[in-house]
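Undergrad: Got a structure for you, written out below as C-alpha cells; questions coming shortly.
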Amino acid sequence: MHTIEDYRFHPCELAFCGLSGSGKTTLITRLMAMLSRRHLVGYFKHGCHHFDIDRKGKDSDSARRAGARCVMISDPEKHALVADGKPDDLWARLTLQNMDMLLIEGLKELPVQKIVLIDHKEEITALLRAGKLASVRALVIPEANRVKEYSSFGVPVFHRDSVEEIAGFIEQLFHRQIAARPLFGLVLTGGESRRMGTDKALIRYHETNQLVHTATMLLSHCNQVFISCRPEQQHTYKRFGFPLIVDRYRDIGPLAGVLSAQQLYPASSWMVVSCDLPQLDPQTLQKLASERKPLCHATAFRHPRSAQPEPLCAVYEPKSHSRLLLNHSVGSNSLKAFLQQHHVHYLSVENPEALDNINEPDEREATCLRLAQTREGKRP
C-alpha cells in the first residue's frame, strides 16, 4: 500500500518518466490544464541540465552577482526563490504539499510511483523488462493500435492523446490510496474547564456524558475513536472504554491533542471534535465525513455566526502534520490560524447551534433546557 512513508515530496505525487522525445512535457501540460479545473496541481521538473530565471540587469540578478546565496522575488500574485545548492527535501515537501497533487517530470531511477512514456524507438522497454523501473502504475504509448500488446506488462495502457482518460486514472489512483488509509476520530477533552468550573467532558446534556456521547457519534464514521487528554486525566477517562492519547505537548491548547494523535498515527486522517459541542448533531458529522476533500490539508466548517473557520469540528489530513509542527516551532499554536493560512475545503453548516461551544454555567443551563425541550417536542 502507498503509505505516508513512501512518497518523495507529496502524498499524492506521480512521476512521468521516459527518454528524451517521448512527449513527457507535452502530456503533463495537457493533463495539468484538465486537472487544474478541479484541483490545485503542482509541477516539479527533475533533472534539468541548467536553468536560470534571473534576467541580466535586473535587481535580483545584480544581488546574485554581488554574492547573495539566496534571493526571493515576489509580487502580489506570485513569488520565486532562487538559491544555491541542491534543494532541501524538507523545504521542498513543505512547499509542494500546499498543492492537492504533484506531477513530476523525471525521477525514473527512484521508487516513486510513475507513469512511463514509451518512445517511438521503444528503448525504455528494456528497462521495464529488466525490472529497473519501480512502482510503475501505467504506460503511455504513441500508437493506439498497440494497447493490447503492452498490456502484458500488467498495468493500464493509454494512448498519449487519451488525456481525459489519463486524468481520470490519476484521480482514481490518488482516491484509492486515500481510501486505504484509516479515518480515526479524536475527542478533545484536554481543556481545564476554568470558566465552567467542572469538567466539560463529564457533563450530561444527553443520556451519557459529553465524552461518551461525542465518541459514540464519531464511531459511525471512523475506524476507531480515541480520547485526547492531559496526563492527569487518564485515570478519570480510562473507565469509559475508549483508547486514550495523552498529550505530548503542554500549554498549547487543542493543537496538543492533534499533534499527539498525528505523531502516533502519521498515516491516518483525523476527525477532530471538541467535547464542548453538546448541540452537535449526527447530520453535521455526516456532512463532514461525506463531503470532506482529503487532497486538501483539512476540511472544516465556517461558523455560521462569525464566518470564521471552526477548527474543533474538522478533519485534518496526514499532510497537515508537518505544517502544524512548523507553525508550533515558530510559536503559532492556533488551529484556526492554520486553517486560515492553508488550502482547506470549507463546508456550510445547516444547524447554526451545532458548532456552539458551551463554556459558562449559564450557557450550560440554557443549553440543557433547550435540548430537553427539543427532546420533548420530538416525542409523540
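Undergrad: Within the stretch 147-173, can you find the residues that are modelled with pLDDT under 95 and touching a His at 6+ places or on another chain (Cβ under 9 Å)?
TA: VAL147
Undergrad: Next question, about the same structure. Of everything in the stretch 160-178, what is over 29 Å from SER268 (Cα atoms) and out of contact with any strand residue (DSSP E or B) (no Cβ under 8 Å at 6 or more places or on another chain)? Give them in sequence order.
TA: ASP161, SER162, VAL163, GLU164, listed by residue number.
Undergrad: Considering only the stretch 187-203, state which residues are under 13 Å from GLY253 (Cβ atoms) and not in a loop (DSSP other than H, G, I, E, B).
TA: LEU188
Undergrad: Any residue in the stretch 297-313 that is among the aromatic types (Phe, Trp, Tyr) sitting within a Cβ distance under 8 Å of a residue that is outside any strand (DSSP E or B)? List the pairs, counting only those 6 or more apart or interchain.
TA: Partner pairs satisfying both residue conditions: PHE301/THR284; PHE301/LEU288; PHE301/SER348; PHE301/VAL349; PHE301/LEU355.
Undergrad: For the stretch 8-15, does any single residue satisfy the condition of being charged (D, E, K, R), modelled with pLDDT of 80 or more and within 30 Å of GLN263 (Cβ to Cβ)?
TA: yes
Undergrad: Among the residues in the stretch 318-337, are any buried (at least 17 other Cβ atoms within 10 Å of the Cβ), polar (S, T, N, Q), in a helix (DSSP H, G or I) and on the phi < 0 side of the Ramachandran plot?
TA: yes
Undergrad: Could you figure out which of (1) among the β-branched types (Val, Ile, Thr); (2) over 19 Å from PRO11 (Cα atoms); (3) surrounded by 18 or more Cβ atoms within 10 Å (Cβ to Cβ) isn't true of VAL344?
TA: Only one criterion in (1) among the β-branched types (Val, Ile, Thr); (2) over 19 Å from PRO11 (Cα atoms); (3) surrounded by 18 or more Cβ atoms within 10 Å (Cβ to Cβ) is unmet by VAL344, namely (2).
Undergrad: Can you name every residue in the stretch 121-178 that is of a type in the set (Lys, Arg) and closer than 21 Å to GLU13 by Cα?
TA: LYS132, ARG137, ARG160, ARG176
Undergrad: Working only within the stretch 303-317, note down all residues that are modelled with pLDDT of 95 or more and not aliphatic (A, V, I, L, M).
TA: Answer for the stretch 303-317, where residues must be modelled with pLDDT of 95 or more and not aliphatic (A, V, I, L, M): PRO309, GLU310, PRO311, CYS313, TYR316, GLU317.
Undergrad: Within the group LEU103, LEU133, which residue is outside any strand (DSSP E or B), touching a residue at least 24 places away in the same chain (Cβ under 8 Å) and either touching a helix residue (DSSP H, G or I) at 6+ places or on another chain (Cβ under 6 Å) or surrounded by fewer than 11 Cβ atoms within 10 Å (Cβ to Cβ) (or both)?
TA: Residue meeting the stated conditions: LEU133.
Undergrad: Now for a different question. Using the structure shown, decide if LEU96 is touching a strand residue (DSSP E or B) at 6+ places or on another chain (Cβ under 9 Å), among the hydrophobic types (A, V, I, L, M, F, W, C), surrounded by 11 or more Cβ atoms within 10 Å (Cβ to Cβ) and within 22 Å of ARG323 (Cα to Cα).
TA: yes
The values are calculated or read from the model by the stated rules, or taken from the named source; none is laboratory data. Here the structure is a predicted model, which is why all the values come from computation and not from measurement. Here Cβ is always computed from backbone atoms with ideal geometry, including for glycine, and neighbour counts include all displayed protein chains.
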